[in-house]
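These notes are about the structure you will find just below.
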Amino acid sequence: MNKVAVDFENSDIGSVFIYTHEAHPGENYPHLTSMDQKFRHAEALRDVYGVTRRILLDALNGACHRHFGSMPNMTWIFNRSGIPVYKSDWSDSHSVRNALEYYLEIPNRRKAGERLAPFHVERLDYRNQERELFYESLERNGPKAVAEFQKAFPSG
Amino acid sequence: MPDHTEIDLYNYDEFVPEKFERWMRFDDSPPVGKLVPDFPLWNLDRSTTSLKTEITKHAYTIVEFGSFT
């Protein structure tokens, strides 16, 4: 997702990361109890995972995150009017890139004389599950996070 | 002030279905094409901003939600 942000930054595309709650709390990164702790975890996300996009913190009660469905790693795209035009229950750079390329083509199509009107579409996209990286991240959170995930999803 | 029970429920302390499944609500999320309400957000330097401020700066804005864990 960092690369998508860089690749489109000169096309008037902004990109931010909203810090939510700990999906898999562990000994090293336990559940959040204060905004100070939330700031520390968000800084760790930047430093350990190398998130280069601006990181913004949601309120401790997750008001923003909960309004949008509170999935652990979802992505939305908004237009300049503040209207969501894309929503995805998981984050996938290929899907986001594909959507942006579509939206950036709209002005060209209008210039070419097409009369465009919005419509709704649903489709099933496919993401890379990156299981090894996921388990590495669980281990980074602490043994508790690994054990709880394995108990919740025994088949992995 | 937010209710502490709400804060505690949202920031669950263990990944067990009875604590995390209640938050998987994508089916109830707002539809695309409709304006959404504004929400306060904080920069890492502790300064305040808001969702509306951030998503109206560019032709399009990608918003990824997530956390360290």
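Between amide H atoms placed 1.01 Å from N, distances below 5 Å from residue A:56 occur with A:17, A:18, A:19, all of them 5 or more places distant or on a separate chain.
With N residues in chain B, what two-decimal value do you get for its Cα radius of gyration over 2.2 N^0.38 Å?
Details: Rg = 15.0 Å, N = 69, 2.2 N^0.38 = 11.0 Å.
Cα Rg divided by the expected 2.2 N^0.38 Å: 1.36.
By the helix-only formula, in which each DSSP H run with n ≥ 4 contributes -39500 (n - 2.57) and the sum is divided by residues, chain A has a 222 nm mean residue ellipticity of -13000 deg cm²/dmol. What separates the Cα centres of the stretch A:135-156 and the stretch A:1-64 is a distance of 21 Å. The Cα atoms of the protein assembly as shown cover 58, 41, 32 Å along the three principal axes, with the biggest extent listed first. The residues of the stretch A:1-67 have, on average, 39 Å² of accessible surface per residue, using a 1.4 Å probe with all protein chains present. Taking the Cα centre of the stretch A:2-152 as reference, the dipole from Cβ charges on Lys and Arg (+1) and Asp and Glu (-1) amounts to some 500 debye.
Which whole number gives the average, over all residues in A:147-153, of C-beta atoms from other chains lying within 10 Å of the residue C-beta?
If you average over the peptide's residues, the count of other-chain Cβ atoms is 3.
Using a 1.4 Å probe over protein heavy atoms, the accessible area lost on pairing A with B, summed over both chains, comes to approximately 6500 Å².
Just counting partner chain Cβ atoms within 10 Å, what average do the residues of peptide A:136-145 show around their Cβ?
Numbers: counts 0, 2, 2, 0, 2, 3, 1, 0, 3, 3.
Shielding by partners across A:136-145 averages 2.
About the Cα centre of chain B, what is the dipole size in debye to 20, counting +1 per Lys and Arg Cβ and -1 per Asp and Glu Cβ, all else neutral? It works out to roughly 440 debye.
The values are calculated or read from the model by the stated rules, or taken from the named source; none is laboratory data. Given the structure is predicted, the values throughout are model-derived calculations rather than measurements. No Cβ is skipped: glycine too gets one built from the backbone with ideal geometry, and neighbour counts run over all protein chains shown. These accessible areas exclude ligands, DNA and RNA; they are computed on the full protein's heavy atoms, side chains included. Shrake-Rupley method; radii C 1.70, N 1.55, O 1.52, S 1.80 Å.
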